Amino acid sequence: MLMEMLTKKCTKCGKTKKITEYQKKKQRKDGHNSICKKCCSQYFKKYYEANKDRIKAKEKEYYARNKEVIKTHSKEWQENN
């Protein structure tokens, strides 16, 4: 039973892995994501490549809307570090 708590089966690749190979997620019953970190990483890399232009456009739009706030936070961080 203890071994079951220390391992979990990834819903993406189907492999049983140590619980430390899953990101924490409060919404889940066991407190961890259902997909392992490696599968998540691969998924988001593919997603980014497929949607690169859309993501970049959103980032550019966000920066344009929040330019002053971003500059202020950046300046404060530089002064404190």
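The values are calculated or read from the model by the stated rules, or taken from the named source; none is laboratory data. Just so you know, these numbers come straight off a predicted model, no measurement behind them. Quick reminder, even Gly has a Cβ in these numbers, built from the backbone with ideal geometry, and neighbours come from all protein chains shown. The area values use the complete protein model at the heavy-atom level, side chains included, leaving out ligands, DNA and RNA. Shrake-Rupley method; radii C 1.70, N 1.55, O 1.52, S 1.80 Å.
Residues being touching a Leu at 6+ places or on another chain (Cβ under 6 Å) and either hydrophobic (A, V, I, L, M, F, W, C) or open to solvent by less than 100 Å² (accessible area, probe 1.4 Å) (or both) are entirely absent from the range 50-71.
Within the range 8-21, no residue that is within 14 Å of GLN42 (Cβ to Cβ) sits with its Cβ atom under 6 Å from a residue that is open to solvent by 100 Å² or more (accessible area, probe 1.4 Å) at 6+ positions apart or across chains.
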